[in-house]
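**Q** Got a structure for you, questions after.
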């Protein structure tokens with residue numbers, strides 16, 4: 001187990017990209033934010049395009065940023081699988097939502113199984129269950145518990 005900030009952010013890229021998908025032309029996400037590549041939002045405007053290599057580079061950079069922010073709030077060592085699951089969740093819902101969550105409180109208190117179960121509560125968008133989020137949260141939950 002290592003501190004969450006010491007893992008290679010590239011390790012989470014494959015898992016996250018399998019749920020994010022990649023669009024090389026800017027689009028508005030469900031929250032109405034201009035997005036491109038694998039969920040990249042920083043500085044994106046209508047009409048923007050990118051190449052696949054740039055989308056991958058943005059993904060790793062965005063994961064690194066998420067990881068660095070998350071490292072301030074995860075106070076216990078985590079396994080590689082826990083790292084990937086946590087970063088995937090924070091990448092998708094934002095570090096702000098995770099830092100105030102029961103999941104983080106349980107993890108930091110040593111209740112790993114309780115923390116894992118909390119992943120399943122992050123499957124709403126606009127107050128409604130979303131099947132894609134339910135699948136993603138179940139995959140994060142299962143990965144978090146995997147040895």
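The values are calculated or read from the model by the stated rules, or taken from the named source; none is laboratory data. Computed from a prediction, not measured in an experiment: that's the story for all the values here. For neighbour counting, all protein chains shown are included, and Cβ atoms are generated from backbone atoms with ideal geometry for every residue, glycine included.
**Q** Is it true that residue 39 is in contact (Cβ under 8 Å) with a residue 12 or more places away in the chain, under 18 Å from residue 22 (Cα atoms) and surrounded by fewer than 16 Cβ atoms within 10 Å (Cβ to Cβ)?
**A** no
**Q** Another question about this same structure. Please determine, by comparing only the residues of the range 47-68 that are within 20 Å of residue 101 (Cβ to Cβ) and surrounded by fewer than 17 Cβ atoms within 10 Å (Cβ to Cβ), which one is nearest to the chain's Cα centre (by Cα).
**A** This residue is 65.
**Q** If you don't mind, another one. Can you find a residue that is farther than 20 Å from residue 125 by Cα, in a helix (DSSP H, G or I) and touching a residue at least 60 places away in the same chain (Cβ under 8 Å) anywhere in the range 14-28?
**A** So far as the range 14-28 goes, yes, one or more of its residues are farther than 20 Å from residue 125 by Cα, in a helix (DSSP H, G or I) and touching a residue at least 60 places away in the same chain (Cβ under 8 Å).
**Q** Quick one: would you say residue 83 is in contact (Cβ under 8 Å) with a residue 40 or more places away in the chain and part of a helix (DSSP H, G or I)?
**A** The answer is yes for residue 83.
**Q** So is residue 103 at pLDDT 95 or above and touching a strand residue (DSSP E or B) at 6+ places or on another chain (Cβ under 8 Å) or not?
**A** no
**Q** If you go through the range 92-132, how many residues are in a helix (DSSP H, G or I) and either without any contact (Cβ under 8 Å) to a residue 40 or more places away in the chain or surrounded by 20 or more Cβ atoms within 10 Å (Cβ to Cβ) (or both)?
**A** Qualifying residue count for the region: 24.
**Q** With respect to residue 44, determine if the residue is touching a residue at least 40 places away in the same chain (Cβ under 8 Å), crowded, with 17+ Cβ neighbours inside 10 Å and not in a helix (DSSP H, G or I).
**A** no
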